[in-house]
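The values are calculated or read from the model by the stated rules, or taken from the named source; none is laboratory data. Just so it is clear, the structure is predicted and the values come from calculations on it, not from any experiment. Cβ placement follows ideal geometry from the backbone for every residue including glycine, while neighbour counts extend to all protein chains displayed.
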Amino acid sequence: MPDDTIHPSLVYPGVGAAARRRRPLIRRVLQRRSTIAVFMCLPLLTIIGGLVIYPALYAIHLATLNKGMTKFVGLGNFTFLFTRETFWMVARQSAIFAITAVFFKALIGLITAHLVNNLPAKGQRKWRGMLLVPWVIPLSLSTLGWWWMFDPTYSALNWVLNGLGFSSVPWLADPYWARFSVILDNVWYGAPFFLIMYLAALKSVPEQLYEAASIDGANAWQKFIHVTLPMMRSIIAITVLFSLIVTFANFDIVWVMTQGGPRDMTHVFATYAFKLGIQSGDIPLGASVSLFMFPILAVAAVFILRGVHKRAKEM
Amino acid sequence: MATAELVAGHARRRALAGSLQRNRRWALILSYVFLILFAIFFLAPPYYMLVTSFKTNREMVDIATNPWIITRDITFDHYKVLLHETDFLIFFKNTIIVTVCVVAITMVVSTLAAFSLARMKFWGSVGIATGIFLTYLVPDTLLFIPLFQIVKGLGLLNSYWGMVLVYPTLTVPFCTWIMIGYFASIPKELDEAALIDGAGYMQMLLRIFIPVALPGIIAAMIFAFTVSWAAFVYPMAFLYRSDQLVLTVGTVTSLVRADVFQWGSLMAGALLAAAPPLIIYAFLMDYYIAGLTSGATKG
């Protein structure tokens, strides 16, 4: 037998013994293998179980208690929230904030990704690095910079507007401008994430498809509609849904810039929950507010998962 | 006749190629113009923070001057105030301790888990992998109130060790997820060879998987670093004594006073606090982006 001409033990001393006791050893290895695997997963499962799943269930429990956390009130916190005008305003503002911001992030990301992709290959890295800066600065810190640009007296943005002949804008004093300002900050921070995702997806579109489209006489716009978009459809869907979750749950911008004001009109679920739960000390009510994010996030998560599986099959 | 046609065709083709080239040049010029506009939008806030941090208070409150440039003296006073008269260095030290611990915990936990999930298929391993991805989608703002109660119950409220406990929930799922992808792409022949050589699973992980998947491990480390450096909700909720604060919360809460003259130090603090992620990213951007985009595109 050719296998015996060079026995493994000649090359690798110590293997021979294992090879001779092959049958029982394989069974033992198989047994051991799954045990080892479970042990290797154990720290991860502990963290997820103890610090994600347990708190999530605990939040549901907390939401059914009264303010002093001494009495079970059932759905009392929820029915109380439903009667509050502020709560509905927060829900509306969270939706406006997330949808508008994600739309513009995706749009700017798509445009800038195409622009960068148009450049000669050796310049792309530099531009990508430059455009990615907002996304690397911790959000709470860059929001301080925006806050300072929106300062009522010394606003550097108003200085530019005045120079261009426009009148000053009450960025954070007027509730509607304040809503615009928090969205602007979020678009600024999040668009680079879309840029890198779309740029990576653009690079994965095979060049032959564009060549074939050129031969068929397609112009740039037709190539975009009929080649680029279909090829990027699932990655666009994944990125948008993912960003929808993150934006919907955003806390940093509103908390640093407006703390929910003026007149609670910039509050989103996260900041409103923080205000009620931590600042006012009504833990059950805060937990109830943050639980409202759950169904919306769960729906988005299901669609993301489907998109990821589809994308994995396409690749 | 035939040659004349050939020449004419040649000229036509050259004209067409010329117009294509001209189109392409225009497209390039337009791309640069718009990219410059976007770059101004993206870089204006950090640039303005930098300018503010070196500007004298007198110039800052002078409304007549251009706020975007420094026309008079450059001053380092804001940085001196920040480093000598505030707790900024304590925040920095706390953040480094928390981040180093969180990155270490994350890497150990997620490397082990990713290895076992990518290579040692066992009952429920596919379900766990999906579950990890779903966990990554659970935002911190959904969990901070129950975690507040849990951290309080453990006596870790107002201690940065509480952050070491809760930050891994932000880092571990995604790091495990991208490392599963990297480990799964390593050819099976390599581990078969290792098994034949009599290597155990730990040896296999340490000698083969970690070195081969090093780019993925670096990407995961940068992610864990960035996330724990920038975390805001948890420290905002769980920390309030200034000797325990981390940089993000410390800069935002304790350096903000109702006094307009604090702006310089505030911007200096924000920039210094943002410097470590910026520096790391400047050197390791390619690893980071490769890790992020592969995590999202390959699954």
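If you go through region B:111-131 and keep only what is of a type in the set (A, V, I, L, M) and either facing chain A (nearest Cβ under 7 Å) or more than 24 Å from the chain's Cα centre (by Cα) (or both), you end up with B:LEU112, B:ALA113, B:LEU117, B:ALA118, B:MET120, B:VAL126, B:ILE128.
Those helices (runs of 4 or more DSSP H) of region A:5-119 in which 3 or more residues are surrounded by 14 or more Cβ atoms within 10 Å (Cβ to Cβ) and at pLDDT 80 or above occupy A:22-48, A:54-63, A:76-82, A:85-118.
Out of B:PHE38, B:PHE88, B:PHE76, which single residue is closer than 30 Å to A:LEU144 by Cα and at pLDDT 90 or above?
Details: B:PHE88 fails: at pLDDT 90 or above; B:PHE76 fails: at pLDDT 90 or above.
That would be B:PHE38, the only listed residue that is closer than 30 Å to A:LEU144 by Cα and at pLDDT 90 or above.
Is there any pair linking a residue in region A:177-199 that is under 17 Å from A:LEU139 (Cα atoms) to one that is of a type in the set (D, E, K, R) and modelled with pLDDT of 90 or more, with Cβ under 6 Å and at least six apart or on different chains, and which? From region A:177-199, the pairs are A:VAL187/A:LYS105; A:GLY190/A:LYS105; A:ALA191/A:LYS105; A:PHE194/A:LYS105. On inspection, A:ALA237 fails the criterion of being within 11 Å of chain B (Cβ to nearest Cβ) and farther than 21 Å from A:GLY76 by Cα.
Scanning region B:269-299 for residues that are within 7 Å of another protein chain (Cβ to nearest Cβ), farther than 17 Å from B:PHE225 by Cα and modelled with pLDDT of 90 or more gives a single hit, B:ALA270. Residue pairs whose Cβ atoms lie under 7 Å apart, separated by 6 or more positions or on different chains, with the first residue in region B:189-210 and in contact (Cβ under 8 Å) with a residue 40 or more places away in the chain and the second basic (Lys, Arg) and crowded, with 16+ Cβ neighbours inside 10 Å, are B:ASP191/B:ARG119. Which residues, counting only those in region B:91-116, are surrounded by 24 or more Cβ atoms within 10 Å (Cβ to Cβ) and free of Cβ contacts under 8 Å to residues at least 12 places away in the same chain? The one that is surrounded by 24 or more Cβ atoms within 10 Å (Cβ to Cβ) and free of Cβ contacts under 8 Å to residues at least 12 places away in the same chain: B:SER116. Is it true that B:LEU142 is in contact with a Phe, Trp or Tyr (Cβ under 9 Å, 6 or more places away or on another chain) and more than 10 Å from every other protein chain (Cβ to nearest Cβ)? Considered against the rule, which asks whether it is in contact with a Phe, Trp or Tyr (Cβ under 9 Å, 6 or more places away or on another chain) and more than 10 Å from every other protein chain (Cβ to nearest Cβ), B:LEU142 comes out as no.
For region A:258-281: of the residues being of a type in the set (Ser, Thr, Tyr) and within 24 Å of the chain's Cα centre (by Cα), which is surrounded by the most Cβ atoms within 10 Å (Cβ to Cβ)?
Initial filter on region A:258-281 (of a type in the set (Ser, Thr, Tyr)): A:258, A:266, A:271-272, A:280.
Now narrow it down to the ones that are within 24 Å of the chain's Cα centre (by Cα): A:258, A:266, A:271-272.
Working: A:THR258: 23, A:THR266: 27, A:THR271: 29, A:TYR272: 26.
Taking the candidates together, the pick is A:THR271.
Looking at region A:117-157 only, could you name the residues that are of a type in the set (Val, Ile, Thr), facing chain B (nearest Cβ under 7 Å) and over 13 Å from B:TYR47 (Cα atoms)? Break it down into steps so the answer makes sense when it comes.
So in region A:117-157, the residues of a type in the set (Val, Ile, Thr) come out as A:133, A:136-137, A:143, A:153.
From what's left, facing chain B (nearest Cβ under 7 Å): A:133, A:136-137.
Hit for region A:117-157 is A:VAL136, nothing else.
Residues that are closer than 29 Å to A:TYR198 by Cα, more than 10 Å from chain B (Cβ to nearest Cβ) and without any contact (Cβ under 8 Å) to a residue 12 or more places away in the chain within region A:260-315 comprise A:PRO295, A:VAL299, A:ARG306, listed in sequence order.
Can you name the residue in region A:199-215 that is within 25 Å of A:PHE242 (Cα to Cα) and more than 10 Å from chain B (Cβ to nearest Cβ) and, of all such residues, is farthest from the chain's Cα centre (by Cα)? Per the stated criteria, the residue is A:VAL205.
Among the residues of region B:145-159 satisfying the criterion of being polar (S, T, N, Q) and touching a residue at least 24 places away in the same chain (Cβ under 8 Å), which is nearest to the other protein chains (Cβ to nearest Cβ)? Spell out how you get there, then give the answer.
Step one: filter region B:145-159 for residues polar (S, T, N, Q), giving B:149, B:158-159.
Checking which are touching a residue at least 24 places away in the same chain (Cβ under 8 Å) leaves us with B:158-159.
Working: B:ASN158: 13, B:SER159: 16 Å.
This residue is B:ASN158.
Going by the conditions given, is A:ILE253 buried (at least 20 other Cβ atoms within 10 Å of the Cβ) and in contact with a Leu (Cβ under 9 Å, 6 or more places away or on another chain)? It is true that A:ILE253 is buried (at least 20 other Cβ atoms within 10 Å of the Cβ) and in contact with a Leu (Cβ under 9 Å, 6 or more places away or on another chain). When the criteria are applied in full, B:ARG119 meets the requirement of being surrounded by fewer than 24 Cβ atoms within 10 Å (Cβ to Cβ), touching a residue at least 60 places away in the same chain (Cβ under 8 Å) and basic (Lys, Arg).
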